[in-house]
1. Scan the range 188-197 and give yes if some residue there is modelled with pLDDT under 95, more than 22 Å from the chain's Cα centre (by Cα) and within 20 Å of Cys57 (Cα to Cα), otherwise no.
2. So for the range 102-123 (the condition being under 26 Å from Thr232 (Cα atoms), under 17 Å from the mean Cα position of the chain (by Cα), at pLDDT below 95 and in a helix (DSSP H, G or I)), does at least one residue qualify?
3. Whether any residue in the range 155-175 is in contact with a helix residue (DSSP H, G or I) (Cβ under 9 Å, 6 or more places away or on another chain), part of a helix (DSSP H, G or I) and either over 14 Å from Val89 (Cβ atoms) or in contact (Cβ under 8 Å) with a residue 12 or more places away in the chain (or both) is what I want to check.
4. In this structure, is Arg254 among the basic types (Lys, Arg), closer than 17 Å to Tyr40 by Cα and outside any helix (DSSP H, G or I)?
5. Is it the case, given these coordinates, that Thr94 is out of contact with any Lys or Arg (no Cβ under 6 Å at 6 or more places or on another chain), assigned to a strand (DSSP E or B) and more than 17 Å from Phe266 (Cα to Cα)?
6. Scan the range 124-142 for residues that are in a helix (DSSP H, G or I) and either among the aliphatic types (A, V, I, L, M) or touching an Asp or Glu at 6+ places or on another chain (Cβ under 7 Å) (or both) and jot them down.
7. Which residue, of Leu119, Leu109, is in contact with a Leu (Cβ under 7 Å, 6 or more places away or on another chain) and either of a type in the set (A, V, I, L, M) or closer than 15 Å to Ala42 by Cβ (or both)?
Amino acid sequence: MARGLVASVPDRSFGDGVSVMILRILYFSPSTATGRHDSYRAALAFAWHARAAVRECGLNATIDLQWALPVITSKPQVHALLSGADLLVIASPTYAQGSPWFVRRFLELGAGLQLWGRLGTAFASAGGTHTGGDVTVADTLRSMMGLGMATFTFAQKLVVFGVQQKFLADGQFELGDVWFLQQLARTAIAHLAGRIDVGQTDACVRRWALNTSYYQEFPTFERMDAELGELTRRLNHPLSDPAAYDWWSSQLERDCTPPDARTLPFFNLLPIPGAAGPIIE
């Protein structure tokens, strides 16, 4: 079963029967052939930003973080993960210029669902020989549309993190990456607030100064570092010390140790660290 912030699908009741909205983040780690869990770490940061945004907007919403990889052989479980949320976020790796086969299989098993009115967005990690993150995000959003979902991203940007294509150590996120994660998470919560009252969306946008023309007023390095520098360092720390996931566990109130796919029946078909392709025996 998928690992989540809660032991089972969250209960929608809140207090005196008030409905609680569910934002579900699906991740597929371990993913690329790097072993760094890039898309998983990005999912943790997105969850952190989303929780903060929910508090700031005062929404009755829960963040449900689920490992989707184990259920790709079960259509009923795929349907349960796809249909049980008000807003769905898919955190995907990129493999060989596009979407990994296991993410495509997951979405294709959603055939037959009619998710009209549900919200959806996606982001991807990419790097080294595994470029094409924009294709991965576009594929994922198109599949969500095919299920009837109303999809969005931050402004007009396809959110991709090139964690092996810049002047940093492989796998490191930079301030700009974490800032875009924050903007996408805030956009998601602003859309979620609109399910109650579009005026709440407007209030969220004003609070965070969300701007579709962000590139004309991009924040300075000093401003981003003051606000997001510590979180960026926390996001990169597991690269040198796996025990650093303990901090994320305390923040998100769940076990954030990266999942181990070695017990999955299709493990030999997954890319492995240091290899150009899947294990072949």
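The values are calculated or read from the model by the stated rules, or taken from the named source; none is laboratory data. Quantities reported herein were computed from a predicted structural model and do not represent experimental measurements. Note: ideal-geometry Cβ built from the backbone for every residue, glycine included; neighbour counts use all protein chains shown.
1. yes
2. Checked against the condition, which is being under 26 Å from Thr232 (Cα atoms), under 17 Å from the mean Cα position of the chain (by Cα), at pLDDT below 95 and in a helix (DSSP H, G or I), the range 102-123 yields no hits at all.
3. Yes, there is a match, as at least one residue in the range 155-175 is in contact with a helix residue (DSSP H, G or I) (Cβ under 9 Å, 6 or more places away or on another chain), part of a helix (DSSP H, G or I) and either over 14 Å from Val89 (Cβ atoms) or in contact (Cβ under 8 Å) with a residue 12 or more places away in the chain (or both).
4. Spelling it out, Arg254 is indeed among the basic types (Lys, Arg), closer than 17 Å to Tyr40 by Cα and outside any helix (DSSP H, G or I).
5. Here the answer is no, as Thr94 does not meet what is asked.
6. Val135, Val137, Ala138, Leu141
7. Leu119
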